[in-house]
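Participant: What follows is a structure written as structure tokens; I'll ask about it next.
The values are calculated or read from the model by the stated rules, or taken from the named source; none is laboratory data. Since we're looking at a predicted model, the values are computed, not measured. Methodologically, a virtual Cβ is constructed for each residue, glycine included, from the backbone with ideal geometry; neighbour enumeration extends over all protein chains shown.
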Amino acid sequence: MTRQAFMARLREGLRGLPPSAQADIVADYENHFNEGAAAGRSEADVAAGLGDPGRLARELRAEIGLKRWEEERSASAGASAVFAVLGLGAIDILVLLPILMAVGGTIFGLAIATVAVFFAGGVVFAAGPFSGIPGGPAAAALAGIGLMAGAASGGAVLAIVTIGLVNALVWYGRLHYRLLKPALEPQTLGGVR
């Protein structure tokens with residue numbers, strides 16, 4: 001593979017990342033080709049030593065997504081970390097995607113239920129004293145407050161569980177990346193690449 005073809009595939013795989021991150025990565029790999037040329041290696045040898053540019057781009061995207069999650073801890077950073085980890089390999093997608101879809105669907109359903117219970121508690125609190133609920137207005141107000149407090153507590157627990165699951169997925173991604181990294185680095189034989 002030529003330098004131009006390698007860099008074109010790498011740039012294509014990095015599309016969507018922040019421009020500064022793309023520029024840094026491209027400059028780093030351009031430097032690999034420059035050093036290889038200075039050492040008398042052909043472009044094809046350097047490209048073969050660096051590995052598949054598509055796979056490199058996926059792993060670099062995963063690393064950037066995982067770092068963003070560690071720094072930012074927002075919903076978009078969590079989503080990018082999840083998709084970055086899923087992008088590491090086709091086998092992972094086949095195994096993790098159904099599990100993540102089921103877990104994500106469950107979390108989404110519980111979040112909707114939590115919001116619904118909170119609003120139901122607000123309705124009971126506001127309208128309960130005027131509707132003739134057994135126990136009188138005080139029981140209705142307390143029931144409404146209880147529903148809202150329970151929903152808020154459930155939402156907090158759901159947020160903690162969601163953060164824990166994203167952290168577990170980030171851990172899995174880092175483990176996966178560490179296992180793949182030695183296979184992707186150029187191998188040396190007797191100190192010669």
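Participant: Among the residues of region 88-99, is any of a type in the set (G, A, S), modelled with pLDDT under 90 and touching a helix residue (DSSP H, G or I) at 6+ places or on another chain (Cβ under 6 Å)? Break it down into steps so the answer makes sense when it comes.
Facilitator: Taking region 88-99 and keeping what is of a type in the set (G, A, S), we get 89-90.
From the residues that got through so far, the ones that are modelled with pLDDT under 90 too are 89-90.
Imposing the further condition that a residue be touching a helix residue (DSSP H, G or I) at 6+ places or on another chain (Cβ under 6 Å) reduces the set to none.
No; the residues of region 88-99 include none that is of a type in the set (G, A, S), modelled with pLDDT under 90 and touching a helix residue (DSSP H, G or I) at 6+ places or on another chain (Cβ under 6 Å).
Participant: Going by what's in this entry, would L142 be described as touching a Leu at 6+ places or on another chain (Cβ under 8 Å), without any contact (Cβ under 8 Å) to a residue 60 or more places away in the chain and surrounded by 14 or more Cβ atoms within 10 Å (Cβ to Cβ)? Talk me through it step by step, then tell me what you get.
Facilitator: Details: touching a Leu at 6+ places or on another chain (Cβ under 8 Å): no; without any contact (Cβ under 8 Å) to a residue 60 or more places away in the chain: yes; surrounded by 14 or more Cβ atoms within 10 Å (Cβ to Cβ): yes.
Spelling it out, it is not the case that L142 is touching a Leu at 6+ places or on another chain (Cβ under 8 Å), without any contact (Cβ under 8 Å) to a residue 60 or more places away in the chain and surrounded by 14 or more Cβ atoms within 10 Å (Cβ to Cβ).
Participant: Report, ordered by the first and then the second residue, all pairs with beta carbons closer than 7 Å, sequence separation of six or more or different chains, a first member in region 111-139 that is exposed (fewer than 13 other Cβ atoms within 10 Å of the Cβ), and a second member that is assigned to a loop (DSSP other than H, G, I, E, B) and acidic (D, E).
Facilitator: none
Participant: So which residues in region 150-159 are of a type outside the set (S, T, N, Q) and loosely packed, with under 13 Cβ neighbours inside 10 Å?
Facilitator: In the first step, residues of region 150-159 are kept if they are of a type outside the set (S, T, N, Q); the result is 150-152, 154-159.
The answer is A156, V157.
Participant: Further question on the same structure: Any chance region 7-27 includes a residue that's surrounded by fewer than 12 Cβ atoms within 10 Å (Cβ to Cβ), out of contact with any helix residue (DSSP H, G or I) (no Cβ under 7 Å at 6 or more places or on another chain), among the hydrophobic types (A, V, I, L, M, F, W, C) and in a helix (DSSP H, G or I)?
Facilitator: Among the residues of region 7-27, at least one is surrounded by fewer than 12 Cβ atoms within 10 Å (Cβ to Cβ), out of contact with any helix residue (DSSP H, G or I) (no Cβ under 7 Å at 6 or more places or on another chain), among the hydrophobic types (A, V, I, L, M, F, W, C) and in a helix (DSSP H, G or I), which makes the answer yes.
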